[in-house]
1. On a 0 to 90° scale, report how tilted helix 199-211 is relative to the longest principal axis of the chain, with both axes built from alpha carbons and the result rounded to the nearest 10.
2. Of all the accessible heavy-atom surface of region 53-196, with the other protein chains kept in place and a 1.4 Å probe, what percent is carbon and sulfur?
3. Let's see if you can work this out: charge +1 on each Lys and Arg Cβ, -1 on each Asp and Glu Cβ, no other charges. What is the dipole magnitude of the chain about its Cα centre, in debye to the nearest 20?
4. From the square roots a ≥ b ≥ c of the eigenvalues of the alpha-carbon gyration tensor of region 33-155, which class results: rounded (a/c under 1.5), prolate (a/b over b/c), or oblate?
5. In degrees from 0 to 90, rounded to the nearest 10, what is the angle of the helix 122-134 Cα long axis to the longest principal axis of the chain?
6. In nm, to one decimal, how far is the modelled label at Asn112 from the one at Arg175, with both set 7 Å along Cα→Cβ?
7. Based on alpha-carbon centroids, what's the gap between region 82-151 and region 205-219 in Å, whole number please?
8. Indicate the gyration tensor shape class of region 176-223 (rounded, prolate or oblate), computed on the Cα atoms with a ≥ b ≥ c the square roots of the eigenvalues: a/c under 1.5 is rounded; otherwise a/b larger than b/c is prolate and the rest oblate.
Amino acid sequence: MKIYWTKINKIIEEAPEIKTYLLDCPEDFTWEEGSHTHFALEGFNAGDKPNRSLIRHMSISTLPHEHSIGITTRIREQCSEFKTILRNHEVGNEVALFKTHSNVPLKREGKNVYLLSAGVGLATFRPLVLDYFERADNVNQIHSLNIDSSKNFLFTNIFESAPDKKFTARFVDNRKDYYDEVKNLTADKEGLFYIVGSDEFLMQNIEILREQCIKPEQIMLDKREDQLPEFLTFDLSV
């Protein structure tokens, strides 16, 4: 396993409690839209075993042509050891990246794509939307729906409806409006539904989609292949 040590080159305050850490790109570090990486802090591999409290699984919120690796995360006042340390990091501090992989690349199958997310989960979808804007081949249109009760919506300069690009974006701040809209979107029985958020959020969305006859193969989750059955295999009759 190759570990890439790199430096923070910029820190952006996206909203209260949400920061994007932009990292220098190591020479042979590559990734694609929808990628996640293991993001680790100094000292994580100092002992005989990796210190898991200094490692987090994070989405990359940028594309390679932006020349920085973006990690967007929420850091609350009361937070974990990892985020307490990260909050005190400054430009120039070193961090490590390893085991980078994409579970949710943009599928180009000539269908409508629906991006369903909660809060900072939108960071996973930012590269997919940018990739679509650059090359819309074999994607009919994209609709993004994000719920954030804080109303501090992210990336509104990108997640802005653009009819000429066949892209629509909607932000809601309550569950009723969110789930009503998800149900409305399932009128498209051929669409591809991407979901990013907590496990509970995933299950609630999947339940609605499955009740509306959306098949498991139409549902994309940012999970390893061996984890997918936990979410996508359940008996609707129960």
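1. Rounded to the nearest ten degrees, it is 20.
2. 45 percent
3. That gives the chain a dipole magnitude of about 120 debye.
4. Judged from the Cα gyration tensor, region 33-155 comes out prolate (a/c at least 1.5, a/b above b/c).
5. Value to nearest ten degrees: 70.
6. 2.6 nm
7. 21 Å
8. Because a/c hits 1.5 or more and a/b fails to exceed b/c, region 176-223 counts as oblate.
The values are calculated or read from the model by the stated rules, or taken from the named source; none is laboratory data. Every value quoted in this text rests on a predicted model; they were computed, and no experiment measured them. So basically every Cβ, Gly included, is an ideal-geometry build from the backbone, and we count neighbours across all protein chains shown. These area figures cover heavy atoms from the full protein model, side chains too; ligands, DNA and RNA do not enter into them. Shrake-Rupley method; radii C 1.70, N 1.55, O 1.52, S 1.80 Å.
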